[in-house]
1. Would you mind checking K74/K389; K114/K205; K100/K274; K274/K389; K205/K371; K100/K260 for any pair whose Cα atoms are more than 32 angstrom apart?
2. Of H332, Q286, L255, which is farthest on the positive side of the dipole of the chain, counting Cα position, with +1 on Lys and Arg Cβ, -1 on Asp and Glu Cβ, and the Cα centre as origin?
3. Sort S220, S388, S109, S351 by Cβ crowding within 10 Å, fewest neighbours at the top.
4. Among S225, L209, G341, which residue has its Cα furthest toward the positive end of the charge dipole of the chain, with +1 on Lys/Arg Cβ and -1 on Asp/Glu Cβ?
5. Any idea what the relative contact order of the chain is, in percent, if you count C-alpha pairs under 8 Å spaced at least 6 apart?
6. Please return the longest range in the chain lying between exposed loop sites, taking GluC sites (Glu not before Pro), DSSP loop only, at most 12 other beta-carbon atoms within 10 Å, and leaving the sites out.
7. Expected output is a single nm value to one decimal: the length gained when fully extending between Q286 and K389, i.e. 0.36 nm times separation in residues minus the C-alpha distance. What is it?
8. With both partners inside the chain, how many of the DSSP beta bridges are antiparallel, as a percent to the nearest 5?
Amino acid sequence: MIRLTIHDELLKRLKEKRRFLQVLAGPRQVGKTTLVRQVMAASPMPAHYASADEPSLRGDRTWLEQQWDIARIKAGKGELGALLVLDEIQKITDWSTVVKLLWDSDTHSGVPLKVVLLGSSPLLIQSGLAESLAGRFEVIAVPHWSFIEMHEAFGWNLEQYIFHGAYPGAAGLIDTPERWRRYILDSLIETTIARDILSLSRVDKPALLRRLFLLGCAYSGQILSYQKMIGQLTDAGNTTTFAHYLELLQGAGMLAGLAKYSLGQARQRGSSPKLQALNTALVSAQDHRSFIEARNDGDYWGRLVESAVGAHLLNSSFGTNVSVTYWRERNHEVDFVLQQGSAVVAIEVKSGGRRESLPGMETFARQFKPKRQLLVGGQGIPLEEFLSKPAAWWLT
């Protein structure tokens, strides 16, 4: 069983006497449904599972109430109560308001029902929670799989992880590259954009969002100003539109725009973003290089390694108070900056085809006095070791 930490944490919370809605939020195909079914099997409570991922259910509040009533019936038949699991909850219109009414009614009536909500669009889930369910929920983040998880589950080595990313459902397809590529493009990228972003959020220029995603993957690990993005995409979109679309893509677990590290939050928000794919499979599947060709291209492999490091830092900090940024002043640059409270760690990634000297680290250290200055790869921390520990570990 993989993702044991998340499994055990959810099971522990469900055994507690106090009642909170448990929310599992994360991208598509990271194992949320499998994980919660394992918890259902391990729990002594009777359970009811239902998914709103059918297009015919879109906006059906009555369906949500019906599923809740089924679980209520199970809760009244034994001393342990019951467990209700609602998958893809963000697909129901105004779901948070309906859940609030049902939850508060059960709380008032003393119905012993435990509820777990699953969603593949963390941004939309968080919006619904903040609007209606304040004080009633706890979130358990379910990010993309780590190198350690892919290694333990499928025996992958470091190079396989860097190129093929971390989608467990695609792991069995890597020996047939074209099937693997089509799976990532059709079952993951297209499904996420069409069903988790365009159909659930206001996007005035869908074609622009798609092109921004392609551009972000092509430039993953690189700093690109909004003006350069506009020039690359030859579109009339403005910087506000690009920032919003990046937020939607990050909320779906696909592409992030890292802010520049600064002591002032206003300066961070106004900075040029460093584009970062959240799973290197999204980069490799859209590139025409084979695994061998990618490995033999030093510059390209170096960018892929840095993307793997950035994805690892963002995914392992998901649901924590660790921030991940970058820093650059003139020709001085630090690849990643971690911050938790007053603790700051600067990280430089050393990979094939990259510069030999690290002038940015010295300049950053003089100006900000970080707790640690880490070199990853080369003569620094071995890449495999670095990818085996979460972002927060390096701050402690």
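Bear in mind that the values in this text are calculations on the coordinates, not laboratory data. What you see is a predicted model, and the numbers here were worked out from it, not measured in a lab. With ideal geometry, Cβ positions are generated from the backbone for all residues, glycine too; neighbour counts draw on all protein chains shown.
1. K74/K389; K114/K205; K100/K274; K205/K371; K100/K260
2. Positive-most Cα among the choices belongs to H332.
3. In increasing order of surrounding Cβ atoms, one gets S109, S388, S351, S220.
4. Projecting each Cα onto the dipole axis, the largest value belongs to G341.
5. 14 percent
6. Counting only loop sites that pass the neighbour cut-off, the longest clear stretch is 80-355.
7. 34.3 nm
8. Just about 40 percent of them are antiparallel.
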